Each structure stands twice: as structure tokens, then as C-alpha cells.
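Working notes, beginning with the structure itself.
The values are calculated or read from the model by the stated rules, or taken from the named source; none is laboratory data. Keep in mind the model is a prediction, meaning the values are calculated, not measured. Cβ: placed from backbone, ideal geometry, glycine included. Neighbour counts: every protein chain shown.
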Amino acid sequence: MSLPKHVRIVEVGPRDGLQNEKQPIDAATKISLIERLADSGIVHIESGSFVNPKWVPQMAGSDEILSDVQRKDGVVYSALTPNIQGFGRAVLANTDEVAIFTAASESFTQKNINCSIAESIKRFEPIMEEAKSRNMKVRCYVSTALGCPYEGYVDPVKVAEIARQLYDMGCYEVSISDTTGVATPASTQRVLEECLKLIPLENLAVHMHDTYGQALANILMALQMGISVVDSSVAGLGGCPYAKGASGNVATEDVVYMLNGMGIETGIDLEKLIQAGDYICQHLNRDNGSKVAKAWLSKQ
């Protein structure tokens, strides 16, 4: 299959990236990051999460962030909504689009959201009904699709079946997620082959973590299979609070650099993107997780 001519980046840094940070981050800083990302040309920014702040303290204030951010035309400002209460808050904050998530591993689902996979999907029914009545789009993640921290191997057929259930419920896009970053191009290919038997190509995305340094290779495999939507996190921020050692999403800067070199359009200004990542890293007083950003900044 030929490579896509254009790739849409779904920037998850302000949500998946920041939810793991230990230090408090004020709403103004998060808003500034989101606005800088939009200014760089990113057209889909996951800007917050309407979870109980008791469980994910860094996502407190998502209401304020989504209400106050200066919106740019053509940019989707989305949020994670694990339940109908969260969905209601997202609506009040004028969120453009919501995301829901389950996992392909029973153990991970129990540890993460205290229910079975089937129960988690059942919980989404009222969200899907409300979203449909409001003509609001719903995206979804299938976590641990390429490996589980508790169970290890995850059957690609099971991943595809769960993805199909979510697609059939009305999710317009299913993001196949390597939550622990254990995938290789071969395992990525196997999982996507099974998913493509049940879901149209244009409704699939990939969400790769770089724990073992395989994320770009896995994304390249997905691109070669025709996938044209990639989740990533500016400066490689984040991981998963429920997967020990799963440090770091793939850095958006590194993905964009690779796509630029392949002649694949993203509409993103790499220099502005690097500056956005540098801004948040300086604010957090942490290392930049993007190799591309480090190389570029060292020359300035």
C-alpha cells in the first residue's frame, strides 16, 4: 500500500503528556501550551480530561482550560471523558469533541477503571447517546493493544474485536494504543492487520509510546499500511500512570521531522512546534524528550 500524502497529528501532550507530572501546573501555563501548539499548525489538541481530580490531580481545571483557551479556527479542542458526568462537564466547557477509552487487557482495565472490558464499554452507551443527540464526535482509545504490563501478550484478534465494538457504537476513530511501548514493527503489523479486517482504514489511528525506542519504527509500519492519523505528545511528555516504566509518548517533533523527510504533509511548522515543547519543558524544569528538539535547540 502506498504511503499517505497527508497525516493528521492528534496532539495529546496537554492531556496524556501532563497527567503524569508530579509538580502542579497552573491553568494559564496549560492554556499557553495549547495556544502555542495551535499556532504551530496542529489541528487536533487533546486539551484536558474530565476525570475525578482525586485520581488524576493534574487534570483538575480542565473546565477552565477549555472554557478560556483562545480558539483557533480549524482546530479541534478535545477532552477525555471516562463517564457521563465527565461528558456533561465537557459539554459545559464547550469541548469540540470527546474521547473515551478501554483496554484490550482485562487486568489493565480492572486496575485502571475497576471494571471489566465489557462493563467499560457498557458505561460508554449513555455518552454515545448524548453525543449523538448533540451531534458531537467521539474518538476512542484501545489501550494495551500491543502488550499489557500484567498479562504480557495480547491477542490481536481480541484487540480488533474490541475496536470493532467501539466503532459500531459510533466512535468515528479508533486509536490503537501501545500503552507500555513494548510493540515492534512486526507486532504492530499483526494487530493492524486484524483491525483492518473489521474497521475501515480511514477510521483507525495509532498511539505509540517510546519506552523501548520503537515508536517511530512502529509508526512507519502503520504508515506503510495506510494509516494516516498519529497520536503524539510534544517534547515526548507523559506515559501512563497505571503502567510502571511506560515513560514517554513518542515526541511530536520527532514524528513531524520523520514525516517531513518522507514528503508527507502535516501542515505543522516544526520550528514553532519545537518552541512550544521547549516552553513547557522550561516551565517544568525537565529534559526535553524529543531528539529532534534537542538537536535543533543545541544549534540555536
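Values as computed for the structure displayed
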read-out	value
Residue identified as surrounded by 16 or more Cβ atoms within 10 Å (Cβ to Cβ), of a type in the set (Gly, Ala, Ser) and over 28 Å from TYR167 (Cα atoms) among SER290, SER228, SER232	SER290
Single condition LYS197 does not satisfy, out of (1) over 18 Å from ARG8 (Cα atoms); (2) within 17 Å of the chain's Cα centre (by Cα)	(2)
Boolean, SER107 is in contact with a helix residue (DSSP H, G or I) (Cβ under 8 Å, 6 or more places away or on another chain) and either part of a helix (DSSP H, G or I) or touching a residue at least 12 places away in the same chain (Cβ under 8 Å) (or both)	no
The range 154-179, subset part of a strand (DSSP E or B) and small (Gly, Ala, Ser), residue surrounded by the fewest Cβ atoms within 10 Å (Cβ to Cβ)	SER175
Tally of residues being within 18 Å of the chain's Cα centre (by Cα) and either modelled with pLDDT under 85 or assigned to a loop (DSSP other than H, G, I, E, B) (or both) across the range 60-82	3
Residue in the range 22-39 that is charged (D, E, K, R), touching a helix residue (DSSP H, G or I) at 6+ places or on another chain (Cβ under 7 Å), surrounded by fewer than 22 Cβ atoms within 10 Å (Cβ to Cβ) and not in a loop (DSSP other than H, G, I, E, B) present	yes
Top-ranked residue of the range 65-99 - restricted to ones that are within 23 Å of THR266 (Cβ to Cβ) and touching a Leu at 6+ places or on another chain (Cβ under 7 Å), ranked as surrounded by the most Cβ atoms within 10 Å (Cβ to Cβ)	ALA79
Residue within the range 184-203 that is surrounded by fewer than 17 Cβ atoms within 10 Å (Cβ to Cβ), at pLDDT 95 or above, closer than 26 Å to LEU273 by Cβ and charged (D, E, K, R) present	yes
